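What follows is a set of notes on a single structure, which appears directly below.
Just so it is clear, none of the values below were taken in a lab; they were calculated from the coordinates. Keep in mind the model is a prediction, meaning the values are calculated, not measured. We place every Cβ from the backbone using ideal geometry, glycine too, and count neighbours over all the protein chains shown.
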Amino acid sequence: MALLEVENLSIGYRTRKGYLQAVEGVSFCLEEGKSLGFVGESGCGKTTIGMALMGLLPPNGQVTKGRILFEDKDLLQLSDSNMRSIRWQKIAMIFQAAMNALNPVHRVDDQVAEAIQAHNPDLGKTNAMKQVEGLFQLVGIPEDRMRDYPHQYSGGMKQRAIIAMALACRPKLIIADEPTTALDVIVQDQILKETRNLQREFNLSMIFISHDISIVADVCHDIGIMYAGQLVEYGSREEVFRSPCHPYTRALISSYPTLTGKKSQLTPIPGETPNLINPPAGCRFCDRCPGARTSCKTEPPAWEEVGPCHSALCHERKL
Amino acid sequence: MELRRYIFRRIIQIIIIFFVILTVLFLLFRLAPGDPVSRMIDPDMTPEDAELLISQLGLDQPLWTQYVYYVKNFFTGNFGNSFHYGQPVVRIIGDRLPNTILLFTSSIILSALVGIFLGKIASWHKGKKTDTWMTIGALVTHTVFLPWLALIMIWVFAYKLDWFPITGMISEEVWLDPDVGLLAKFLDVLHHMVLPLGTLFLIHFGSYLLIMRSSMLETLKEDYIITARAKGLEEKVIRDHHAAPNAALPVVTSVGLSLAFSINGGALTETVFTWPGIGRELVFSVSHNDYPLAQASFLLIAFVVLVSNLVVDVLYAYLDPRIRY
């Protein structure tokens, strides 16, 4: 039984300019101890999925279709207070450190202890603090820096503190939304390594959200490629990288440099993502697709199995 | 430790600024049109007597000698005698200042606390009825003309309903009665204070409400609010513990400024309610060319402005760790 099963999830935002379909018909599942990565450009809906899993969509956002089954319970049917107890205790989130994810007026250790105490009200402050100490050791923040304020931390330390906070209640699932985007590559590498170790140590399931396909390739068992609100290719890391099926996936892979592979010209993807207020009728990528045919413009593509645990949303194979 | 160094640095700055103000004020009074002595000279005086008076006051001395005396007098607390009252200025101010502080400090603190609280509530119900009514109420009371409101308050509550006294700060019959205890005296002052305090409160709480409301709305968009929500905290905890402390910072600045200008800004209120405070005295001294009193009052205002700024800075540093370190 999968820990998390998302079926046909659609999410929209009411905006001034009209109704925006941010996520459409996304399905995936995640086993315990596995990790899944979502890759895509900004605005493709990957963060929206993360927020929907936490039940934290902004007031103008709304799940219009689908189910989110977590441990066999549909999170969308839960009451506010039930959802609140699931947050952090079962599903935690690692935010981007540069985003001010820590409150500037409270000490870092207090903010972590707060998460523990919110879900274990009987636990005293001293016991909670003891746990915080353990967590900070785990992520490598020296003890004498625990009582600092967020602004006294470097970006890497903030990220570590946020990871410590995510682990505070021993959640089953952690959603990491662009966890290393604001960090330089060396710190990024350290954080990713640590995240991987922690994941193994605690048998965590993880969802990684990133615009950087190389990071996702580094940490995740499965990969979902997103484009304009849709999942366009989904499969195991090996499958997706060995034989990328969707033209967008291929374009993404060839637009990132590699250090070890053979030298080749990086290919940018021409064009822009479509407007999601009036999405095109056919394939959403067809305007930028090198192999697009006339039928791509009018007919929406359907999911095709292209290998074991590997599928893509493209017309290419059909014809 | 860091906080102490910060306060020390600010105090040094304040001393320098105060010296500059002291000097500017000295020059300003010498440049002002009108002769300070003309008020004191009566028509029967001979020109010799007038000369004598001028030299007694040191006004025939060169400017820099006058300045040295001025600074010396300032540091020895000698501000001269009021032309009008004939009493030492220090004593007049010493009498009036506590009354002003009592009325304005309490009105500002009261309106700030209520404004912060209501602003928090309004922002939490943004766009709903509660918010709309609170915002409209705040705008209306905040924009009302103060003397008008004061007169209406007196007319309704003191004259028509006769709940509160019309003028003054104390009732003589209570204070002159030797058998009356401290509590009764306190209650008497409180009874007199209700109307001016209520008026000032109505005028001021709206601005704090509006500042707090918009500041809260900004803060609620911050990422750490999403973090707090993701942590599964109760909405009340998010509002009071995570959003409000950050949102209250701009209100603190505003409170500091009001404190600073309450000393003179209260002239209207003090006049309408005949509250024996500094604001009334200042207006009086300026319009009657009572130079010693006016000069000391201006210095006092400068001093209060500087000190309130310091208080705000320290409070800010206490509330926002980013400034402290």
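Remarks
- Computed from backbone phi with θ = phi - 60° and the Karplus coefficients 6.51, -1.76 and 1.60, the 3J(HN,Hα) list for the stretch B:287-298 is 6, 10, 6, 7, 4, x, 5, 4, 4, 5, 5, 5 Hz; x is used for glycine and proline.
- Computed over Cα pairs, the Kirkwood radius of the stretch B:97-324 leads via Stokes-Einstein (0.692 mPa s, 37 °C) to a diffusion coefficient of 167 µm² per second.
- The Rg/Rh ratio of the stretch B:171-285, with Rg taken over Cα atoms and Rh as the Kirkwood radius over Cα pairs, comes to 1.20.
- Put in order of Cβ neighbour count within 10 Å, fewest first, the listed residues A:I162, B:I121, B:I136 become B:I136, B:I121, A:I162.
- Gap separating the Cα centres of the stretch B:199-245 and the stretch B:61-113, nearest whole Å: 40
- Computed from the C-beta positions of B:I323 and B:S171, the FRET efficiency with R₀ = 60 Å rounds to 0.80.
- Ranking of A:K158, A:K130 by count of other Cβ atoms within 10 Å, fewest first: A:K130, A:K158
- On Cα atoms only, tilt of B:2-31 relative to the major axis of chain B in degrees: 40
- For chain A, the equivalent ellipsoid derived from the alpha-carbon gyration tensor has semi-axes of 36, 22, 18 Å in decreasing order.
- Placed amide H near A:G282: partners under 5 Å, 5+ positions off or other chain: none
- For B:V90 and A:L56, a Förster radius of 45 Å and the Cβ-Cβ distance give a FRET efficiency of 0.10, rounded to the nearest 0.05.
- Taken over the Cα atoms of the protein assembly as shown, the convex hull encloses 249 Å³ per residue.
- Rel. contact order, % - alpha carbon contacts under 8 angstrom, at least six apart, chain B: 27
- Ordered by the count of other Cβ atoms within 10 Å of each Cβ, fewest first, B:I54, A:I116 give B:I54, A:I116.
- Kirkwood analysis of the stretch B:2-75, using all unique Cα-Cα pairs, places the hydrodynamic radius at 15.1 Å.
- Helix B:129-143 and the longest principal axis of the Cα set of chain B meet at an angle near 10°.
- Projecting the alpha carbon convex hull of the stretch B:134-184 along each direction and taking the average yields 5.4 nm².
- Under 5 Å, built H, 5+ apart or other chain: amide partners of A:A22: A:I11, A:G12, A:Y13
- Calculated FRET efficiency, B:K236 to B:L139, Cβ-Cβ distance, R0 = 30 Å: about 0.65 to the nearest 0.05.
- For the stretch B:75-151, the fraction of C-alpha pairs farther apart than 16 angstrom is 69 percent.
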